[in-house]
Amino acid sequence: MPWDYPNPFIKQITVQPYDMDGLGHANNSVYIKWAEQTAWGHSHLLGLSLADYQACDRAMAISKASYDYLLPCFSDEKINMATWLSACDGKLRLERRFQLMRDDKTLFRGHWITTCVRLSSGKIARMPKEFVEIYGGAVEHAD
């Protein structure tokens, strides 16, 4: 598939009837749910789970998100949501990209800018060294 970045983490999805909206295609909010599920799957693969976030008293919270809905998808279709980490400043910010594809067609692209926060207070805090090493080491650059 013509992915935007090399080495994608891919979540395979079968669109369900309950994902449909009144217009007969998957609702836009479902694309965001799939992006979140894919991001967590990627984070787990890299070695950072919710339990790790809690142990560090840190989380990467979405501070800005943008989405481009390019084509619809429909019930029972097989699609692939890919994600990559595209930037990490090693201090506060991490960027993540998404691309949803069916065959060779891109249906959706997303971009998150996340900021490290302290879970116990919700306030901005520096990334712990585990985040810098794991997330920073996984950053991919567009071809």
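What residue, among those in the range 117-143 that are surrounded by 13 or more Cβ atoms within 10 Å (Cβ to Cβ), in a helix (DSSP H, G or I) and of a type outside the set (Val, Ile, Thr), is nearest to the chain's Cα centre (by Cα)? The residue in question is Tyr135. With respect to the conditions (1) free of Cβ contacts under 8 Å to residues at least 12 places away in the same chain; (2) more than 20 Å from Arg102 (Cβ to Cβ); (3) not basic (Lys, Arg), Leu46 falls short on a single one, namely (1). Filtering the range 62-96 to residues that are among the aliphatic types (A, V, I, L, M) and either within 30 Å of Met20 (Cβ to Cβ) or out of contact with any strand residue (DSSP E or B) (no Cβ under 6 Å at 6 or more places or on another chain) (or both) leaves Ile62, Ala65, Leu70, Leu71, Ile79, Met81, Ala82.
Residues in the range 103-140 that are touching an Asp or Glu at 6+ places or on another chain (Cβ under 6 Å) and more than 16 Å from Tyr5 (Cα to Cα): Ile113, Arg118, Leu119, Ser120. Can you pull out every residue in the range 9-66 that is more than 27 Å from Cys88 (Cα to Cα) and hydroxyl-bearing (Ser, Thr, Tyr)? Scanning the range 9-66 gives Thr14, Tyr18. In the set (1) over 18 Å from the mean Cα position of the chain (by Cα); (2) farther than 30 Å from Ile124 by Cα, Gln12 fails one condition alone, (1).
Residues checked against (1) closer than 23 Å to Lys129 by Cβ; (2) among the basic types (Lys, Arg); (3) within 15 Å of the chain's Cα centre (by Cα):
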{"site": "Asp19", "(1), (2), (3)": "no, no, no"}
{"site": "Val30", "(1), (2), (3)": "no, no, yes"}
{"site": "Leu46", "(1), (2), (3)": "yes, no, yes"}
{"site": "Ser63", "(1), (2), (3)": "yes, no, yes"}
{"site": "Cys73", "(1), (2), (3)": "no, no, no"}
{"site": "Glu77", "(1), (2), (3)": "no, no, no"}
{"site": "Asn80", "(1), (2), (3)": "no, no, yes"}
{"site": "Arg102", "(1), (2), (3)": "no, yes, no"}
{"site": "His111", "(1), (2), (3)": "no, no, yes"}
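Here, each number is a calculation from the coordinates, and none is a lab measurement. Since this is a predicted model, take the numbers as computed values, not measurements. Reconstructed Cβ throughout: ideal geometry from the backbone, glycine too, with neighbour counts over all protein chains shown.
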